[in-house]
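The values are calculated or read from the model by the stated rules, or taken from the named source; none is laboratory data. Keep in mind it's a predicted model, so treat the numbers as computed, not measured. Positions of Cβ are backbone-derived with ideal geometry, glycine not excepted, and every protein chain shown enters the neighbour counts. We work out accessible area using only protein heavy atoms, side chains counted, and drop any ligands, DNA or RNA first. Shrake-Rupley method; radii C 1.70, N 1.55, O 1.52, S 1.80 Å.
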Amino acid sequence: MLNFSSVLTLLVLFFVSPNVSAIDKVFPGNAKDVDIIIKSSISDDDDTICKSLVQTQGYACEEHKVTAKDGYILSVQRIPVGRSGKTASKPPVLLQHGLLVDAAAWLLNTPDESLGFILADNGFDVWLANTRGTKYSRGHTSLSSNDSAYWEWSWDELVQYDLSALVQYVQYKTGQKLHYVGHSLGTLIALAAFSEQGKLINMFKSAALLSPIAHLNQIPSQLTKEAAQLHIAERVIYRQLHQFNSFLWFDKQELYSLGYRQFPPGWDVLGPILEKICNEPGTNCSELMTALTGPNCCINSSRAGELLKHEPQPTATKNIIHLSQSKVIRTGTIAMYDYGSEDENKEHYGQSDPPAYNMKNIPKELPLFLGYGGQDMLADANDVKALLNDLKDHDNGELVEVYSEEYAHADFVLGVNASKVVYDPMISFFDIHSS
């Protein structure tokens, strides 16, 4: 049986409700352009990312709450000034984490190594997003996170609701267009939103996509492939027969259909699933981080304890299903959630197949910065090249690549030298597009 810390590492890198003030202010995110209403408030809770990770480093920090159109209450941290105390002189930057982590991932290294602090010290107004379902984004206007209905979402809703609400909120509070930084799943939801060419696109100055996962059909990670082929959340469930001390696996039963709306559902369910995956021929789980994400070159192992204080964070089982569906991992095509039958898809989409997100539709004038690594076993370099091919008609100078042969998936967020390898050129890119 895999030990808990190993599985925690797997979960953290699988890709990747506090009180509010008594009076909420309701406003349209951009009344002229956007037909979505969100609520905002500033939180004064004691258990916050600001108090545990930001203020302890000597930075000012604000806790905000944003209520999206479908009722989910999202936690956002703002670092308005750097350590010098000088007011931000550059545009806002919204940081979006990956799957099974939260905004803490941008703050876990030292201030000279963590992107959230580095941006603040370089004069940017930093905003840290926390996806619905994570510890600090568990609120809802009418649902409890104990309700199965609370977990009825996939990354389609992150595109349609979370990203929309957060971007509009930041623009409303600052009066400026913003830069965006996404890692892993945070790149997928941004690319999907950009491909839709909605009114939201006009609120961005530029976007930096680290370990982009638009295409996933060439990933070399055997562990991830096995998980996808087994439909880890979609199709595999176990029943432990204590009298025989063995497991039975039922191919057609689903975690989702059996009521496990939150993922991970618990070690008693997850352990046997991971054990089965790791027993597949060719899968080596002795070093799960390497097996899944590639050999990360530059992570400070002494920070593992701090990482485990904050991660992994839960997500919806439906979200895991969506990521593991054939149109994402098994073929590399990006599409909306597949409900499994032509009739159900027609009910939701008016067509038998879920609509695709076409990367070629991304506006060619949108400035994009892509950072990817030669050792990344999730955002494989060949898959990133497929994305770059989709973007080949981008305007001259509006598409910048930074490639590091030694970097794997987690290095882009946790690498101790990421400032030099990735963040410095990214900040230069932002400066060029800040006017």
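In a loop (DSSP other than H, G, I, E, B), under 24 Å from residue 203 (Cβ atoms) and open to solvent by 10 Å² or more (accessible area, probe 1.4 Å): is that true of residue 360 in this structure? When the stated conditions are applied, residue 360 does not pass them. Of the residues 66, 81, the single one that is crowded, with 24+ Cβ neighbours inside 10 Å and either over 19 Å from residue 164 (Cα atoms) or at pLDDT 95 or above (or both) is 66.
Any idea which residue in segment 414-435 is most open to solvent (accessible area, probe 1.4 Å), counting only those that are under 23 Å from residue 366 (Cβ atoms) and modelled with pLDDT under 95? Filtering segment 414-435 for residues that are under 23 Å from residue 366 (Cβ atoms) and modelled with pLDDT under 95, the one most open to solvent (accessible area, probe 1.4 Å) comes out as 435.
Of all residues in segment 54-112, those that are part of a loop (DSSP other than H, G, I, E, B) and among the hydroxyl-bearing types (Ser, Thr, Tyr) total 4. Given the condition more than 25 Å from residue 324 (Cβ to Cβ) and in a strand (DSSP E or B), answer yes or no: does some residue in segment 150-171 qualify? There is no residue in segment 150-171 that is more than 25 Å from residue 324 (Cβ to Cβ) and in a strand (DSSP E or B). I'd like to check something: does segment 389-404 contain any residue that is among the charged types (D, E, K, R), exposed (fewer than 15 other Cβ atoms within 10 Å of the Cβ) and assigned to a strand (DSSP E or B)? Within segment 389-404 (the criterion being among the charged types (D, E, K, R), exposed (fewer than 15 other Cβ atoms within 10 Å of the Cβ) and assigned to a strand (DSSP E or B)), the answer is yes, since at least one residue qualifies.
Scanning segment 126-161 for residues that are open to solvent by 10 Å² or more (accessible area, probe 1.4 Å) and charged (D, E, K, R) turns up 135, 138, 147, 152, 156, 157.
Is there a residue in segment 386-398 that is of a type outside the set (Gly, Ala, Ser) and under 26 Å from residue 110 (Cβ atoms)?
First, the residues of segment 386-398 that are of a type outside the set (Gly, Ala, Ser): 387-396, 398.
Narrowing the set further to residues that are under 26 Å from residue 110 (Cβ atoms) leaves none.
Looking for residues that are of a type outside the set (Gly, Ala, Ser) and under 26 Å from residue 110 (Cβ atoms), one finds none in segment 386-398, hence no.
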